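All remarks here apply to the structure that follows.
The values are calculated or read from the model by the stated rules, or taken from the named source; none is laboratory data. Values in this document were obtained by computation on a predicted structure and should not be read as measured data. All Cβ positions, even for glycine, are placed from backbone atoms using ideal geometry, and neighbour counts span all protein chains on display. Side chains are part of the model used for accessible areas, which takes the heavy atoms of the whole protein and leaves out ligands, DNA and RNA. Shrake-Rupley method; radii C 1.70, N 1.55, O 1.52, S 1.80 Å.
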Amino acid sequence: MKIMTPKPFYFDKGEKAVLLLHSFSGTSNDMRLLGRALERNNYSVYAPMFIGHGTREPLDILELGSPDKWWQQTKSAIGFLEMQGKKQISVFGLSLGAIFATKALEEIPGIVAGGVFGSPLYTTNFEEIRKAFMTYSKKVYSFQQGLTEVEIDSKIRVVDTKIDSMLTDIRKTTVGVNKNLAEIKRPYFIGQGTSDKLVDPDATKIVAQKVETSQLHLYDAGHVLTINSAHKQLESAVLNFLENN
């Protein structure tokens with residue numbers, strides 16, 4: 001069986017456009033269901049892939065990527081949609097992507113609306129995110145043909161030495177974004193799973209208080225709202241949000 005490599009996608013459908021930003025150990029594939037739902041309703045959709053992601057080497061995320069690079073990519077993605085002639089651009093992000101979607105709403109005047117799913121803003125403990133990344137790394141390596149148990153263990157040890165530095169950088173970025181939440185004056189969608197184990201579900205209430213324009217949507221689901229049991233509810237709520245803002 002051939003495993004397809006994830007790729008960014010762009011659905012060119014209408015003048016209104018939505019930028020979708022994926023998570024720390026995810027890819028643009030996690031945004032495809034939402035992207036198709038938006039496309040069916042005449043929105044153009046762009047889901048780029050953050051540097052280091054979409055490969056079969058988890059270390060690429062830690063060694064090639066950084067919050068600064070991912071923020072530059074976010075700005076470039078907005079620029080791409082503007083060059084395509086899109087007039088109303090909204091931006092949404094899942095988990096890691098939520099940080100940059102929020103930063104875009106704080107800093108880029110041309111964005112009309114946006115929001116977050118499973119946002120790590122105001123989550124103080126990144127231990128569960130760390131564990132999830134280690135589990136993800138083991139899974140990726142175990143699927144690679146030709147790697148022995150010893151080689152897998154060796155690679156996992158390298159990931160283990162590098163993950164904390166990256167998580168520190170991400171946390172610093174969230175602190176900066178948290179400070180400017182009150183600057184957001186455009187409609188802000190917050191989607192949060194009540195049984196999310198990776199980020200603190202209660203932290204979203206703090207964000208909702210800080211952003212006057214926020215609309216909080218809670219789902220009886222886990223972290224990856226775009227593909228888990230809540231995805232259809234989320235798609236419907238995001239569409240409704242876009243149509244009414």
Restricted to the stretch 27-54, and to residues that are without any contact (Cβ under 8 Å) to a residue 24 or more places away in the chain and in contact with a helix residue (DSSP H, G or I) (Cβ under 6 Å, 6 or more places away or on another chain), which residue is most open to solvent (accessible area, probe 1.4 Å)? Ile51
Against the condition open to solvent by 10 Å² or more (accessible area, probe 1.4 Å) and within 22 Å of Glu128 (Cα to Cα), how does Phe24 come out, does it pass? yes
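Just to check your reading of the model, which residue among Ser236, Ser195 is modelled with pLDDT of 95 or more and either closer than 24 Å to Gly35 by Cβ or crowded, with 20+ Cβ neighbours inside 10 Å (or both)?
Every option except Ser236 fails the conditions.
Filter the stretch 33-54 for residues that are part of a loop (DSSP other than H, G, I, E, B), within 17 Å of the chain's Cα centre (by Cα) and at negative phi and give the result. Give the steps one after another, and end with the answer.
Step one: filter the stretch 33-54 for residues part of a loop (DSSP other than H, G, I, E, B), giving 41-43, 48-54.
When the remaining residues are screened for being within 17 Å of the chain's Cα centre (by Cα), the result is 48-54.
Pro48, Met49, Phe50, Ile51, His53 - these are the residues of the stretch 33-54 that are part of a loop (DSSP other than H, G, I, E, B), within 17 Å of the chain's Cα centre (by Cα) and at negative phi.
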With the first residue restricted to the stretch 1-19 and required to be hydroxyl-bearing (Ser, Thr, Tyr) and in a strand (DSSP E or B), and the second required to be surrounded by 16 or more Cβ atoms within 10 Å (Cβ to Cβ) and modelled with pLDDT of 90 or more, Cβ contacts under 8 Å at 6 or more apart or on different chains are Tyr10/Ser44; Tyr10/Val45; Tyr10/Tyr46; Tyr10/Ala47
Residue count, the stretch 214-233 (criterion: open to solvent by less than 50 Å² (accessible area, probe 1.4 Å), not aromatic (Phe, Trp, Tyr) and not in a helix (DSSP H, G or I)): 9
